[in-house]
Amino acid sequence: QWTVKNNNIVAGQDNHNDIYNEDKVEEIRLYFSQADYWAKMTQNYNSKIDIPVRLVYKGISYDSVGIRFKGQTSYSRNSTPKKSFNISMDAWKEEQELLGYQTLNLNNAFEDNSYMREVIYNHFIRKYTHSAKGNFVRLYINDEDWGIYSNIQQLNKTFLKEWYSDNDGINIRADRPDGTSITQPGGGAVSYTHLTL
């Protein structure tokens, strides 16, 4: 992996011993107090408004966490209940983190029966360029097993700090202005960073 040392980008391998440890499949448990949580997240999809959830990771409970559906084609073209989730650890508690990260992306591996695409791609491309961390987690919602999800790092200021000497670059996401999904074949959001060094 490429890392920043003394303000220089250098190459080297990095074993992730945080929430993106590729050697383990940890559990993330979500507990909703409201019975209509699914309807609320569906209603809030376009506005991207979080609803509250309690998250448990390795036996530690975090309350006042925000959650919403994420994705475009993986949401609108996915007819199963297995949706992707964006989780904001600091939605109602400023500075609340999960092992140094405030945002989690649990992806449903849409149109990828192997479930390997995102994690494997990021693993190999990271040897040559900047890339998000990723691993697998098993998700439980109100103690019901929802199976394996890809846990992919958010491309935000935390990501920039891991790769660059500062985080003053420009972070761009290509969304439709009205927030609706792109439904034509091959459509969807594209995330990338354009940085000023």
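The values are calculated or read from the model by the stated rules, or taken from the named source; none is laboratory data. Model, not experiment: these values are computed from the prediction. Cβ sites come from the backbone with ideal geometry, for glycine too, and all protein chains shown count toward neighbours.
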Scanning the range 99-118 for residues that are surrounded by 13 or more Cβ atoms within 10 Å (Cβ to Cβ) and of a type in the set (D, E, K, R), which turns out modelled with the lowest pLDDT? ASP112
Within the set of pairs 6+ apart or on separate chains, which have a first residue in the range 119-146 that is over 21 Å from ILE67 (Cβ atoms), a second that is among the hydroxyl-bearing types (Ser, Thr, Tyr) and assigned to a strand (DSSP E or B), and C-beta atoms under 6 Å apart? VAL119/SER150
Condition met for LEU160 (of a type in the set (A, V, I, L, M, F, W, C) and modelled with pLDDT of 95 or more): no
Regarding ASN105, is this residue touching a residue at least 40 places away in the same chain (Cβ under 8 Å) and either of a type outside the set (Ser, Thr, Tyr) or within 20 Å of SER79 (Cα to Cα) (or both)? yes
If ASP145 satisfies all but one of (1) at pLDDT 85 or above; (2) assigned to a helix (DSSP H, G or I); (3) of a type in the set (Asp, Glu), what's the number of the condition it fails? (2)
Out of the residues in the range 50-67 that are without any contact (Cβ under 8 Å) to a residue 40 or more places away in the chain, out of contact with any Ser or Thr (no Cβ under 8 Å at 6 or more places or on another chain) and under 20 Å from ASN108 (Cβ atoms), state the one that is surrounded by the fewest Cβ atoms within 10 Å (Cβ to Cβ). ILE51
